[in-house]
Every structure is written in structure tokens, then in C-alpha cells.
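Notes to accompany the following structure.
The values are calculated or read from the model by the stated rules, or taken from the named source; none is laboratory data. All figures in this text were calculated on a predicted structure; none of them were measured in a lab. No Cβ is skipped: glycine too gets one built from the backbone with ideal geometry, and neighbour counts run over all protein chains shown. The protein model used for the area step is the full one, side chains on, heavy atoms only, and it has no ligands, DNA or RNA in it. Shrake-Rupley method; radii C 1.70, N 1.55, O 1.52, S 1.80 Å.
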Amino acid sequence: MDKLIVRGGRALDGSVRISGAKNAVLPIMAAALLTDQPLTVRGVPALSDVRTLGAVLSELGVEVGPVEDGTLRLESAGEIGHEAGWDFVRKMRGSVCVLGPLLARLGQARVSLPGGCVFGVRPIDVHLKGFEALGARVRIDHGYIVAEAPSSGLRGSEVFLGTAFGSSVTGTMNVMMAATLARGTTVIQGAACEPEVIDLGRCLQAMGAQIDGLGSPRLEISGVERLGGAEHTVLPDRIEAGTYLVAGAITGGRVRVTGCRPGDLSSLVDRLKQAGFAIERGDDWLEVQPKHFGFRPSPTDCTTQPFPGLPTDLQAQWMALMCRATGVSLITERIYPDRYMHLPELVRMGARIRRQEALAVVEGTERLSGAHVTASDLRASAALVLAALVADGETQVHRVYHIDRGYERIEERLVALGADIERAEDD
Ligand code: EPU
């Protein structure tokens with residue numbers, strides 16, 4: 001197991017190119033199950049989650065090529081299995097996105113229930129409700145979700161997929177994929193509007209799916225007999241881009257993220273401006289700059305929300321930034337009220353944070369100090385690395401395999417921006 005050793009205190013300076021979005025590439029890879037024709041995906045990031053899903057698909061019988069220059073070819077021409085076991089699903093919850101495609105293509109799927117995760121229960125009831133609306137019988141059996149389409153196949157219908165915490169991103173994706181091959185028309189109300197859902201929809205359209213309303217809460221999908229092969233380039237990762245912008249901001253440096261879509265980051269840009277940073281933008285880049293040398297951000301509240309609100313996947317990074325603010329900021333987590341595992345670790349670095357349920361009160365401090373901290377999930381790990389960049393002395397971030405799930409070569413990119421960070425084997 002690896003750790004990252006960070007010696008803080010250097011202002012970052014430079015530019016970093018953003019990779020393809022993790023949360024789009026995973027369902028897009030799963031969409032290869034919907035056709036016996038090849039699917040070529042470009043802009044595939046080199047992440048452990050991509051390798052894990054590749055292994056899940058390969059186990060199911062999909063031919064999964066190597067990723068070469070960010071291009072991955074998948075082909076499901078041979079016999080396809082319908083079961084994804086616990087071994088894979090426990091490594092990555094995202095593997096539940098094979099459910100919809102398997103059900104649509106084979107009429108049956110048996111996929112391990114993902115179970116809870118470090119930031120809460122994370123149910124998948126909405127996915128199952130959607131499959132049932134399409135006529136599938138769904139039951140839980142020995143820890144597995146078993147879904148079966150009627151012998152006449154899935155049939156379109158109307159279903160509401162909202163939850164008390166906003167619409168479900170992978171729930172929308174799963175049901176959308178299942179509906180592409182159902183008989184008749186499916187209407188998804190309360191659909192998630194995240195850019196990753198749109199990107200998957202565009203890939204499905206390129207494969208021949210009939211989908212209207214992408215980016216809106218009402219999707220209309222007219223089922224087709226079969227889908228074909230396609231080539232698709234994955235959209236840039238807005239969370240990776242946001243993380244590097246906050247890295248620049250927290251160090252009082254100047255960081256430009258290139259190859260991104262500024263419009264996908266408007267909520268973060270808004271918060272950064274509110275906190276006193278200057279932001280410049282071009283068609284496909286954003287740059288953050290401090291007001292002056294040694295600049296500390298103004299305290300700035302944030303509430304996580306579905307797109308286009310501030311993503312929950314940037315909440316931990318924002319908290320790290322506010323730990324250095326000149327006053328008190330309120331952070332409200334509205335998507336995953338328990339997603340605060342980074343909080344005690346930041347406190348170990350000298351941050352002053354109190355939490356009451358979904359609300360965190362962050363009292364900024366001039367000085368954070370290096371410490372041994374433990375990463376507990378992907379975004380929490382990123383927040384600890386960001387805090388370490390500005391902390392006095394050395395921080396060791398343990399269990400960084402979490403970070404490799406969603407950030408391609410993070411330490412190399414940070415070193416290129418001027419950070420003092422190295423990877424080492426943990427004892
Ligand atoms: N929810 C339900 N029932 C469901 C599904 C979701 O109540 O059946 C609730 C969840 O508990 C949560 C809210 O709805 O409160 C939103 O959950 P959602 O289903 O949208 O989350 P997800 O699809 O499982 C994806 C990303 C997460 C990201 C969330 C929110 C992938 C693989 N994962 O998860 O990304 O935080 O959307 O935007 O796309 C990450 O990248 O670090 C990560 C965790």
C-alpha cells in the first residue's frame with residue numbers, strides 16, 4: 001500500500017491538463033454490453049476504477065482492449081454472462097452500472113448488492129424501481145440483486161427517479177441504458193442532469209439509441225430493436241479540474257486547468273470568486289489566481305447540490321480551502337449528509353471544524369501543520385493532499401489507493417505545478 005509524503009509551503013504555478021471524467025467513462029464502458037458491435041472510447045483516464053470495471057466486463061465475457069493513448073476498445077460479440085460478483089462490486093460501487101445493460105441485453109442480471117460505504121448507506125432502491133417500472137421482476141437473494149425481464153422483454157413506461165437528496169446519477173444512467181432496448185417509450189421524470197449523464201446519453205445516441213431531453217429532468221427514450229457500435233470521446237473530469245483549481249487557491253498560487261469545460265464548473269468558480277480569487281477563463285480552460293502574495297481566502301459558505309450546484313465531490317476540497325480562510329464558513333452537505341470523514345483528519349492538521357449532522361462550521365486558521373493522516377475515500381484523500389500542500393512541515397497521507405481510483409498520477413501533476421510531494425511504500 002502506498003502513501004504520499006507532502007512537504008507544504010510552496011505556491012503552485014503552472015498548468016495541468018484534465019483527463020476524461022471517471023464518472024462518465026464507467027457507465028460508458030458498461031454500455032458496451034448493450035451491443036455486439038465494437039465500442040471505441042477515447043479520453044479514457046488511467047485510473048484504478050477503469051481497470052476494475054474492465055475486469056468486471058472481461059469476467060462477463062466482454063473483450064476489453066488495453067488502454068492505448070487514452071483509447072479503449074470494447075466488444076461484446078461473444079457469449080455474455082449475467083453475473084457480477086461481490087469481489088468486484090465491493091471494490092467499486094460504480095460496477096452496479098452493469099445491471100441496466102445486462103437486463104436489457106440478456107433479460108437477466110445477477111449483481112452483488114454494493115452494501116454501505118464510508119459515507120453512508122448509499123441505497124440503490126431507485127435503480128430497482130426503474131427496472132420494475134420497465135416490467136422486470138427484482139429480488140434480493142443471498143446479497144445479490146436478481147433482475148429478470150418478462151419473456152416478452154422490457155417494456156417502456158413512466159417512472160420518477162428523484163430521491164430525498166436529489167436525483168440519482170447512476171440510477172438515471174442504469175434505467176436509461178435499460179430503456180434503450182425496451183419495447184415502446186420510457187419517460188424518466190426526476191432524471192439527474194449531471195454532465196456525465198448527458199455524456200453517456202450522447203454515447204448511447206451514437207450507438208443508435210433514441211433519447212430526448214438530455215440535461216433536463218425529463219428524459220424520453222424510445223426503445224430500438226438493437227444498438228450498434230460507436231466511437232465516443234469522454235467529457236473532461238470537472239471534479240479533477242475543480243480539485244486542481246482549489247489546489248492552486250489553497251497555496252495562494254496560480255493554476256490553469258486546460259482541456260476542461262468551464263461551464264461545468266460555474267458553481268465552483270462562483271464560490272472561488274466569492275472567496276476573493278481572480279478567475280480567468282477561455283473556451284476550454286480556467287485559471288485561478290490569488291489577490292496578492294500570501295493571500296488567504298475570505299470565509300465562504302457552500303451547500304452541495306445536484307448539478308449545476310456545488311458537487312458533493314468537491315465538498316471535502318472546499319472544506320480544506322476554508323480551513324485557511326480569514327473567518328468562519330458554513331458547509332452544508334445535502335447529497336450525502338455523512339460525507340465528512342476528512343473532518344477529523346483535517347482537525348489532526350490543526351483545522352478548527354465542528355460538525356452538527358449535515359452542517360460543518362469551519363473556523364479558518366493561518367496555520368495548518370503537517371501530520372500523519374489517513375485517507376478514507378477518494379475525495380477525502382484529495383482534500384488531505386490539498387491541506388498538506390499548505391501545511392507547515394511534512395504530512396504523510398496513508399492509504400492513498402483511494403486517490404488512484406479517481407486522479408491520474410496526482411503526485412506527478414502536482415510536482416509539475418511546483419509541489420513537494422512523493423509517493424512511497426507504506427510500512
Ligand atoms: N439515493 C437514494 N436511492 C438510490 C440512489 C441514490 O436514496 O437508489 C440517494 C443517495 O443516497 C444520495 C443521492 O440519492 O443521497 C444521490 O446519489 P446518486 O445515486 O446520485 O449517487 P451515485 O450515482 O451512487 C454518483 C457518483 C458519485 C457522486 C454522486 C453524486 C459515480 C460512479 N459516482 O454516485 O461520485 O458523489 O453521483 O453526484 O458516478 C466520487 O466520484 O467520488 C463519487 C462518490
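What's the total number of residues in the range 1-32 that are among the acidic types (Asp, Glu) and closer than 30 Å to residue 74 by Cβ?
Selection size over the range 1-32: 1.
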Report summary line: Among residues of the range 129-160 being surrounded by fewer than 18 Cβ atoms within 10 Å (Cβ to Cβ) and either assigned by TED's automatic domain parsing to the domain that holds residue 306 or within 15 Å of residue 217 (Cα to Cα) (or both), the residue farthest from the ligand (Cβ to nearest atom) is 158
Requested in this report: With respect to residue 163, determine if the residue is within 16 Å of the ligand (Cβ to nearest atom), open to solvent by 30 Å² or more (accessible area, probe 1.4 Å), β-branched (Val, Ile, Thr) and not in a helix (DSSP H, G or I).
Outcome: yes
Requested in this report: Could you grab me the full set of residues in the range 191-210 that are open to solvent by 10 Å² or more (accessible area, probe 1.4 Å), part of a helix (DSSP H, G or I) and among the small types (Gly, Ala, Ser)?
Outcome: 206
Report task. Residue by residue through the range 392-415, note down the ones that are in contact with a Lys or Arg (Cβ under 8 Å, 6 or more places away or on another chain) and assigned to a helix (DSSP H, G or I). Result -> 411
Report task. Give the range 116-134 a look and list any residue that's within 19 Å of residue 336 (Cα to Cα) and outside any helix (DSSP H, G or I), or say none. Result -> 116, 117, 118, 119, 120, 121, 122, 123, 124
**Report entry** Search result, residues across the range 75-89 that are touching a Ser or Thr at 6+ places or on another chain (Cβ under 7 Å) and either at pLDDT below 95 or in a strand (DSSP E or B) (or both)
**Finding:** 84, 85, 86, 88, 89
Query raised in the report: Does the range 100-115 contain at least one residue that is open to solvent by 40 Å² or more (accessible area, probe 1.4 Å), touching a residue at least 40 places away in the same chain (Cβ under 8 Å) and in a helix (DSSP H, G or I)?
Result: yes
Query raised in the report: If residue 74 passes every condition in (1) out of contact with any Lys or Arg (no Cβ under 8 Å at 6 or more places or on another chain); (2) of a type in the set (A, V, I, L, M, F, W, C); (3) farther than 14 Å from residue 35 by Cα; (4) open to solvent by less than 60 Å² (accessible area, probe 1.4 Å) but one, which one does it miss?
Result: (3)
Query raised in the report: Name the pairs whose Cβ atoms lie under 8 Å apart, with the first residue in the range 301-313 and modelled with pLDDT of 95 or more, the second within 9 Å of the ligand (Cβ to nearest atom) and acidic (Asp, Glu), and 6 or more positions between them or separate chains?
Result: 306/194; 307/194
Requested in this report: Check whether at least one residue in the range 57-71 is in contact (Cβ under 8 Å) with a residue 12 or more places away in the chain, within 16 Å of the ligand (Cβ to nearest atom) and open to solvent by less than 10 Å² (accessible area, probe 1.4 Å), and report yes or no.
Outcome: yes
Query raised in the report: Conditions: (1) over 20 Å from residue 176 (Cβ atoms); (2) within 16 Å of the ligand (Cβ to nearest atom); (3) surrounded by fewer than 18 Cβ atoms within 10 Å (Cβ to Cβ). Residue 88 meets all but one. Number of the miss?
Result: (3)
Report task. Output the number of the condition that residue 43 fails; it satisfies all remaining conditions of (1) touching a residue at least 60 places away in the same chain (Cβ under 8 Å); (2) closer than 22 Å to residue 107 by Cα; (3) more than 15 Å from the chain's Cα centre (by Cα). Result -> (2)
Query raised in the report: What number of residues within the range 233-257 satisfy the criterion of being open to solvent by less than 30 Å² (accessible area, probe 1.4 Å) and either hydrophobic (A, V, I, L, M, F, W, C) or touching a strand residue (DSSP E or B) at 6+ places or on another chain (Cβ under 6 Å) (or both)?
Result: 14
**Report entry** Residue ID - most open to solvent (accessible area, probe 1.4 Å), chosen from residues in the range 171-190 that are within 10 Å of residue 101 (Cβ to Cβ) and more than 16 Å from the ligand (Cβ to nearest atom)
**Finding:** 181
Query raised in the report: Here are 51, 42, 93: which of them is surrounded by fewer than 22 Cβ atoms within 10 Å (Cβ to Cβ), closer than 23 Å to residue 240 by Cβ, within 12 Å of the ligand (Cβ to nearest atom) and assigned by TED's automatic domain parsing to the domain that holds residue 170?
Result: 93
**Report entry** Leading residue by the ranking (nearest to the ligand (Cβ to nearest atom)) among those in the range 6-37 that are closer than 23 Å to residue 370 by Cβ and either assigned to a loop (DSSP other than H, G, I, E, B) or open to solvent by 20 Å² or more (accessible area, probe 1.4 Å) (or both)
**Finding:** 12
Query - Qualifying position, being among the polar types (S, T, N, Q), modelled with pLDDT under 95 and touching a Gly at 6+ places or on another chain (Cβ under 7 Å), among 112, 95 - result: 112
**Report entry** Selection within the range 74-91 - under 22 Å from the mean Cα position of the chain (by Cα) and over 11 Å from residue 112 (Cα atoms)
**Finding:** 74, 91
